[in-house]
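In what follows, a structure is listed as structure tokens, so that the remarks can point back to it.
The values are calculated or read from the model by the stated rules, or taken from the named source; none is laboratory data. Computed from a prediction, not measured in an experiment: that's the story for all the values here. Please note: Cβ atoms are built from the backbone with ideal geometry, for glycine as well, and neighbour counts cover all protein chains shown. Each accessible area value is taken on the protein alone, full model and side chains, heavy atoms only, with ligands, DNA and RNA left out. Shrake-Rupley method; radii C 1.70, N 1.55, O 1.52, S 1.80 Å.
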Amino acid sequence: MFILANLFYSLAVVLRIVINFFEISIIISAIFSFISFNYHHPIRHFFDSVAEIVERPIRRYFNLTFGMFDFTPFVAILLLILLDNFLVTTLFDLARILR
């Protein structure tokens, strides 16, 4: 059973790192959109592309643009926090129980 516990623990750690990376990318992309940072700059293009992976499905189903404000990054971060608190914590708990 310890092998399965180690697998769950490893999956939880990797998933937490990925979720944190997406959260930081969304925040940086939102900051770049507020300041007049060159849109064609490779750094901005990278963070916009990574943030778009999470934001695109939300934009497809919900129109969260009100006037000139887009609340999609905010909702995306909330969903990532929900995923982290539910799924990652559940995997950590499963690993702890199986040890």
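If Ile58 passes every condition in (1) open to solvent by 50 Å² or more (accessible area, probe 1.4 Å); (2) without any contact (Cβ under 8 Å) to a residue 24 or more places away in the chain but one, which one does it miss?
It is condition (1) that Ile58 fails.
Of all residues being more than 13 Å from the chain's Cα centre (by Cα) and in a helix (DSSP H, G or I) in the stretch 35-47, which is farthest from Ile81 (Cα to Cα)? Just the residue, please.
For the stretch 35-47, the residue satisfying everything is Pro42.
Which of the following residues is within 30 Å of Ile97 (Cβ to Cβ), of a type in the set (Phe, Trp, Tyr) and in a helix (DSSP H, G or I): Phe22, Phe32?
So the residue among Phe22, Phe32 that is within 30 Å of Ile97 (Cβ to Cβ), of a type in the set (Phe, Trp, Tyr) and in a helix (DSSP H, G or I) is Phe22.
The rows are residues; the columns are (1) at pLDDT below 95; (2) touching a Gly at 6+ places or on another chain (Cβ under 9 Å); (3) of a type in the set (A, V, I, L, M).
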{"residue": "Val50", "(1), (2), (3)": "no, no, yes"}
{"residue": "Ile53", "(1), (2), (3)": "no, no, yes"}
{"residue": "Arg59", "(1), (2), (3)": "yes, no, no"}
{"residue": "Phe62", "(1), (2), (3)": "yes, no, no"}
{"residue": "Phe66", "(1), (2), (3)": "yes, no, no"}
{"residue": "Asp70", "(1), (2), (3)": "yes, no, no"}
{"residue": "Ile77", "(1), (2), (3)": "no, no, yes"}
{"residue": "Leu82", "(1), (2), (3)": "no, no, yes"}
{"residue": "Phe86", "(1), (2), (3)": "no, no, no"}
